[in-house]
Structure formats: C-alpha cells, structure tokens
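Asker: Before I ask anything, here is the structure I am working with.
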Amino acid sequence: MTNPNAVVSDTQSAIAMAITAAVNYSPSVPTSPCNITLFSRNKFPITKIIETAPGMGKNIAWVDAMRASSPTRRSSSEDNEDNKVWIMKHPSALGMFEEIMNAAKTKQVVIFLDYDGTLSPIVQNPDQAYMDPEMRKAVKNVAKYFPTAIVSGRRRAKVYNFVKLPELYYAGSHGMDIKGPSSRKHQEGSKNVVCQPAKEFLPMMSEVYKILMEKTNNIAGANVENNKFCLSVHYRCVEEQSWSELADRVKSVLKDYPKLKLTQGRMVLEIRPTIKWDKGNAIEFLMESLGYATSDDVLPIYIGDDRTDEDAFRVLRKRGQGFGILVSKLPKETSAIYTLQEPLEVMHFLQRLVASKRPIPQSHQQV
Ligand SMILES: O=P(O)(O)OC[C@H]1O[C@H](O[C@H]2O[C@H](CO)[C@@H](O)[C@H](O)[C@H]2O)[C@H](O)[C@@H](O)[C@@H]1O
C-alpha cells in the first residue's frame, strides 16, 4: 500500500523531464505517482520560470519545455567524475566549517533558512511536511545566538505552523509576506517588521485560487495549495499522462490574468504576481530591517534547496558577503558556495554553529 506521506527523493521532481525518454530512468522503476522514486541527474532546469501568462503559446507545451531541458543519461563513471568536480567547486559546509567560522569571527552571523527540502524532507502530501523535533530544537538554539529567518514559498501562517518558533522572522509566499518575530531578544522593536509588496494582488489570488480548484478538481491527485500571495498546483500525485492536461487548464486560467505568471518548482506549478520580488529581495529587506543594509560586520548564511533559493544565493554573491549553502545530493548549477546533502546535514550544521558559540568547558581546554 502506498504511504501518502512517504519521504520522496529530492530528485523526484525531475521525472517531469524524464517521463517519456526511457533512457532517463530505469525501466524497473514503477511509473504510477506517489509510490515511486525516479532518478534524474539534474532537477534544476525544470524549476526555472517557464512562461509568463501573456506569452503562453500552445506549441511550447510546458511538458515539452521540461523534456527539452532534461539531461541525457550518462555512464556512472561520468557521473562520479561530475560529482567530484562539482563537490570541489561547492564543498561541504560541514567539511568547511572551520573556514566558515573564521570568516564569521568578528561578524554578526544572520541565518536564513528555506523550509521544504531544507528543514523538512520532501514528502508526497504538502500538508504533512513536518519538521523533526530535533531540527526544531537546532533552529531554536541557533536563534538564541543569531537573528534567524525562515524564507519559504509557503504562506507565512502555514510555515509558522510547521516551525512553531515565535522568535524567528518569517518570509512566506516566496518572500512576499514578511513579518518580524513576535518574541525576540536580539532586536528590540523588530516585531514591527512587516512587508507585503504584492498586497494589491490578494483579491486576485483568492479569485484565481477558487477557479483553479474548480478547474482541476476532476484531475486525480491534483492539489491546489493557497499560499496567499502565490498559488501552488501540485502534480506529484497526478498520473503522468494527465500532467499536460493539468498544465493546459492552469494556463487557460492564467490567460485571463496577465498580471500573474507561471513558474515551476518541485512537482509543482506556481502562480505568482509579476512583480519583481523574490527570496533575494526578501533577504535584502530583512538585512535592512536588522540594520545591516550597508554593514561590513555581518555574515549572512542562506541555506536552501530549490531554484527559488538561487535568487537569495545571488544576492549574497552580489553583496560579496556571507555564504549560500545549497542542499542537494546531486550536482546542480548554483550560485551557492557550499553544499549540504540533506536536511539531516542542515541540522548538524546548525548544531555546530550553536556549539561554536558555547564556551569550551575548562576540563576540555588545552593548556
Ligand atoms: O520555499 P520552500 O519552503 O522550499 O517551499 C517551496 C514549496 O514547497 C512545498 O512543496 C514542495 O514540498 C512538498 C512537501 O515536501 C512536496 O510535496 C512538493 O512536491 C514540493 O513542491 C509547498 O507545498 C509549496 O507550496 C512551496 O511553494
């Protein structure tokens, strides 16, 4: 029997590209949704923005666009070589921990954390992407020493319900809904931090949500998630032969809403306002709110796993400050500097950050 909330492969979303190209997946892998683990070497191409509402041509079906960007299968020795080169370019943040700490020595570290795939493993039912209590404890401890923000595609209230730590900053809807902590020791007055750059889109988003629900309700497995300033149409549990139909229906809705655009994440189509505001803008805003807009004495660390996190990695690169850390087991094109393989490693990294702040007990000190 299928476990509706089984942890699924980080790369499962890449099956979108591999669906018909037999070379791209093992024939022994089952193809029905929600009980499968399919493999692809690179999920990044499918998470890019694929089209915006006004320009959606019938000929460039999104599934085809995804197929076109699918990597072809290569021999495992080539894979290993790729992995080696990639990991040299983006070393493990755990392996480089001392270097990171050296860079942080005289600076205030600020922590930005993506949620899905970073703090919680990817699961089939988005409503059940729970956080491990040990991970929660690690995040809670980190926030005792460093200003900490969650930056997620989820609606802010929903990601808060998973994380449940009032001392953090939360940027929901891919950064379009930011709020400061309801309790925080680091920054007095920070509870007033609020930013909703797409506020005027709210009635439109509610309207489109209802229409999408109606349009997709007879496609088995389709799930529309209302993330307030963006909408997620999940197809992880949709039979692959219906993906094209689902995409067509979503696109047909968007034809009437030229101010909305369609982007793609892991097994999810995302509908967002066309405004230029992403996770990168969100971290700029938060850095400014924390008083570090132009400071040299700050070291932001952003940990995320998805294409949307690349906007934040790029901002850090541009600032020439801090580090982006990509959570991935597979080589991917990224603007992050370091990598961690999975949420478990994220937890270990956070725990080490906390340990680095704790005084060494006298009995352990070297003389
Ligand atoms: O920015 P994030 O916090 O990473 O949020 C991005 C999207 O995450 C969620 O969807 C993804 O995770 C689900 C649970 O593991 C999985 O079922 C789904 O296939 C993934 O796409 C969330 O449900 C979306 O609303 C977020 O936009």
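Asker: Label-point separation (nm) for L202 and S182, each offset 7 Å from Cα along Cα-to-Cβ?
Answerer: If labels sit at L202 and S182, their model points lie 1.8 nm apart.
Asker: Let me ask another. When the Kirkwood radius is taken over all Cα pairs of the stretch 114-227, what Stokes-Einstein diffusion coefficient follows at 25 °C and 0.890 mPa s, in µm²/s? Don't skip to the end; give the middle numbers.
Answerer: Details: Rh = 15.4 Å.
Using the Kirkwood radius from Cα pairs, D works out to 159 µm²/s.
Asker: Want the number for E78 to N125: 0.36 nm per residue separation, take away the alpha-carbon distance, what's left?
Answerer: Values: separation 47, 0.36 × 47 = 16.92 nm, distance 3.43 nm.
Difference between extended and current length: 13.5 nm.
Asker: Here's something else I'd like to know. Mind listing the long-range amide H neighbours of L299? Cut-off is under 5 Å, sequence gap 5 or more, other chains count too, H placed in the peptide plane at 1.01 Å from N.
Answerer: Result for L299 returns Q108, V109, V110.
Asker: Rounded to whole Hz and in sequence order, give me ³J(HN,Hα) for the stretch 122-130 from the Karplus expression 6.51 cos²θ - 1.76 cosθ + 1.60, θ = phi - 60°, writing x for Gly and Pro.
Answerer: 6, 10, 6, 9, x, 6, 10, 7, 6
Asker: Compute and list, largest first, the equivalent-ellipsoid semi-axes of the stretch 215-301 from the alpha carbon gyration tensor, each √(5λ) rounded to a whole angstrom. Spell out each step's value before the answer.
Answerer: Details: eigenvalues 247, 43, 16 Å².
Semi-axes (√(5λ), whole Å): 35, 15, 9.
Asker: What's the exposure ranking of K105, K259, going from fewest to most Cβ atoms within 10 Å? Before the final figure, lay out each step's value.
Answerer: On the way: K105 7, K259 14.
So the residues, fewest neighbours to most, are K105, K259.
Asker: Rounded, prolate or oblate: which one fits the stretch 193-351, using the alpha carbon gyration tensor with axes a ≥ b ≥ c (rounded when a/c is under 1.5, else prolate when a/b beats b/c, else oblate)? Numbers along the way, then the final one.
Answerer: Details: a/c = 2.73, a/b = 1.55, b/c = 1.76.
Note, shape of the stretch 193-351 comes out oblate.
Asker: Only residues of the stretch 311-335 count here: report those whose backbone N is under 20 Å from the spot 7 Å along Cα→Cβ of N102, or say none.
Answerer: Once the point is set 7 Å along Cα→Cβ of N102, 320-325 turn out to lie under 20 Å by backbone N, inside the stretch 311-335.
Asker: Also, I was wondering about something else. What order do you get for D311, D256 when you list them from fewest to most C-beta neighbours inside 10 Å?
Answerer: On the way: D311 21, D256 11.
Least crowded to most crowded, the residues run D256, D311.
Asker: Now, a different point. How much length, in nm to one decimal, is gained on full extension between A355 and N217, taken as 0.36 nm per residue of separation minus their Cα-Cα distance? Working shown, then result.
Answerer: Details: separation 138, 0.36 × 138 = 49.68 nm, distance 4.90 nm.
Full extension of this stretch gives 44.8 nm more.
Asker: Mind jotting down a quarter of the surface of the convex hull over the alpha carbons of the stretch 110-175, in square nanometres, one decimal? Present the calculation step by step, with values, prior to reporting the outcome.
Answerer: Details: hull surface 15.5 nm².
Seen from a random direction, the Cα hull of the stretch 110-175 projects 3.9 nm² on average.
Asker: Whole-Hz ³J(HN,Hα) for each residue in the stretch 325-339, computed from phi via Karplus 6.51 cos²θ - 1.76 cosθ + 1.60 with θ = phi - 60°, x for glycine and proline: what do you get?
Answerer: 10, 8, 8, 6, 8, 10, x, 9, 6, 8, 9, 6, 8, 10, 9
Asker: Order by neighbour count: I122, I337, fewest other Cβ atoms within 10 Å first, most last.
Answerer: Details: I122 23, I337 20.
Exposure proxy ranking, most exposed first: I337, I122.
Asker: Mind giving me the nanometre distance, one decimal, between the label points for K318 and E245, set 7 Å out from Cα along Cα→Cβ?
Answerer: Roughly 4.2 nm, to one decimal.
Asker: Check the straight Cα-Cα distances from K144 and name the aspartates and glutamates below 12 Å, setting aside those fewer than 8 residues away within the same chain.
Answerer: Leaving aside aspartates and glutamates fewer than 8 places away in the same chain, those within reach of K144 are E167.
All of the numbers you see were taken from the coordinates with simple rules; none came from a lab. The model shown is predicted, which means the values in this text are computed figures rather than measured ones. Glycine gets a Cβ as well: all are built from the backbone with ideal geometry, and neighbour counts include every protein chain shown.
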